[in-house]
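Have a look at the structure below before the remarks.
The values are calculated or read from the model by the stated rules, or taken from the named source; none is laboratory data. A quick note: this is a predicted structure, and the numbers were derived from the prediction, not measured. Reconstructed Cβ throughout: ideal geometry from the backbone, glycine too, with neighbour counts over all protein chains shown.
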C-alpha cells in the first residue's frame, strides 16, 4: 500500500508524460504485482487503477476487454520474463548452467507467488485456451533451451520425453514449494532439481543409445567438486546393500 | 456408432427397467465414452442422449445442471475408476507393484484419450475449481498409495516432493504419449516410468537420510532379473567415462 501512495499523488503529471507503451507497461506491472499477491478472482480493474495511480476509465482504454484482456496481457508479459530466465550461455558444466537458470526461475516463482500458483493449478475464472497456450509456449521454450544445451538437434523420443517430464516436475516442485511456505530454501530446491535432471538423463541413457552419448558428453564437462561429483560420491552409500542386483 | 444402435431399438423397454442408479450409471458411461473421443466443447447433451439411446429430457432430468453437471459427474466417476488403478497389494518388489499399477493407469489413459488430454491440459470450458479439485484429489490419492507402499507413515519433505514430482511427470508422460500417437508401446513407457521412479528415489536418498533408509529397504526386495537389476547392470556403461567425478 505505501508504495502506491506516491504514484497516486503524482498521477496527474505522470498521466501526461507517459507514452502509450510506457503506460501499458505501467498498468501491466501494477496488474502483475496484484496477481502475485492474490488469485485472479480477487483482483478487480479498480484495484489495478488504484495500484497504478490512474483512473479506472484509463485502464479500460488500454484494456477494453476488461480483466480477461488485462490478465492475458500480464500473463504474456510474465511469460516473456520467464523465458528470459532460461537464456544461458552454452559454456561450462551443464549442472552449472541449469543451476543458474533455475536460480532465476525460482526467483521468478518467488516474486509471482499467488499468480503463479493460480495459473498453474488451473480452474481459475480467467483461464482459457489462450492462457493455456501461453503457458504451454513457456514449457516448450524451456524444453528447447535444454535440448540446445544438450546439443542435440534431433533428440530421440526418450530424451525429449525425459526433458519434458523433468520440466513438468520442476513446475510441480515450484507449486509444492510455494504451498509449503517456500521451504526448503530456493538454493536447496535448485540442487534437488539439478540432481534429478542428471539422474533422469542417466536413467534414460541406460536404454537409449542417443541419450547415452549426450550423457557421456555432459558428464565429461562436469567436475568432481560440482553437483554431479557430489552426487556420484554420495550414491555408493545408498546402494551399498544392492550388490544382489548386479 | 454400431454399438449404440442396439440400445436405441431396445430403449422403450430399457427405459422402464433401469433403476435410478443404473440409469445414472448408463448416462455417465455414455458421456465418458463421448468425452474419450472428443474434447468437452464438442460433446452436447443431445449426443449423450443419442449414445445412451434415451431422450434429451431424460438426460436433463438426471443432470438438471446440463453439460457442466454431467461433465463433473463423469469426471468424478472416472476419478474413482482411476483411483482403483492404484490399488495394489503390498507384496513383492516395489518395481513390480508400481509396474502393475502403471499398466492399469496407462490402460485408463488409453481408454479415455481425448477427455484425459482435455482435462489435464486445462483451459477447457468445463474446467472449474471443482474439476481441478477432483483431479488434485486423484494426484493426492496416488501419492498416498505410493507412500503406503514405501511404508513411510511420516515421509520427509524431500521424499514427499520426490513422489509428487514423479506423479506429475507421469501425467506429463501420458499426455505426450497420447499426443505422439501412443508411442512407444504402453509396456515400454511403463518401464521408463518405473526406472525413473527408482532413480529419483535413489537421487533423493543421496542427501536425505530418511529417503536413504526407504531406498535400502526397497532395493533389498528387488531381484537381479527385475527392472532394478536390469537398470543397475546398464548404468556402469553409461558412467564408464565419469571416473573423474569420484
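At a glance:
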quantity	calculated
Every residue from region A:78-98 that is part of a helix (DSSP H, G or I) and over 13 Å from the mean Cα position of the chain (by Cα)	A:94, A:95, A:96, A:97
Any hit, region A:65-84, residues being surrounded by 22 or more Cβ atoms within 10 Å (Cβ to Cβ), more than 14 Å from every other protein chain (Cβ to nearest Cβ), out of contact with any strand residue (DSSP E or B) (no Cβ under 7 Å at 6 or more places or on another chain) and more than 24 Å from residue A:137 (Cβ to Cβ)	no
Verdict on residue A:144 being closer than 30 Å to residue B:242 by Cα and over 17 Å from the mean Cα position of the chain (by Cα)	no
Set A:175, A:231: member being at the interface with chain B (Cβ under 7 Å from one of its Cβ atoms) and not in a loop (DSSP other than H, G, I, E, B)	A:231
Some residue of region B:122-142 being surrounded by 22 or more Cβ atoms within 10 Å (Cβ to Cβ) and at pLDDT 95 or above	yes
Criterion violated by residue A:172 - all others in (1) under 30 Å from residue A:117 (Cβ atoms); (2) buried (at least 22 other Cβ atoms within 10 Å of the Cβ) satisfied	(2)
Every residue from region B:94-119 that is closer than 14 Å to residue B:72 by Cα and within 14 Å of chain A (Cβ to nearest Cβ)	B:118, B:119
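Residues checked against (1) outside any helix (DSSP H, G or I); (2) farther than 19 Å from residue B:104 by Cα; (3) without any contact (Cβ under 8 Å) to a residue 24 or more places away in the chain:
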site: B:120; (1), (2), (3): no, no, no
site: B:130; (1), (2), (3): no, yes, no
site: B:143; (1), (2), (3): no, no, no
site: B:148; (1), (2), (3): no, no, no
site: B:155; (1), (2), (3): yes, yes, no
site: B:168; (1), (2), (3): no, no, no
site: B:188; (1), (2), (3): no, no, yes
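Every residue, every condition in (1) at the interface with another protein chain (Cβ under 7 Å from one of its Cβ atoms); (2) at pLDDT 95 or above; (3) surrounded by fewer than 22 Cβ atoms within 10 Å (Cβ to Cβ); (4) under 16 Å from residue A:197 (Cα atoms), yes or no:
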| position | (1), (2), (3), (4) |
| --- | --- |
| B:182 | no, yes, yes, no |
| B:189 | no, yes, no, no |
| B:199 | yes, yes, no, yes |
| B:207 | yes, no, yes, yes |
| B:223 | no, yes, yes, no |
| B:235 | yes, no, yes, yes |
| B:242 | yes, no, yes, no |
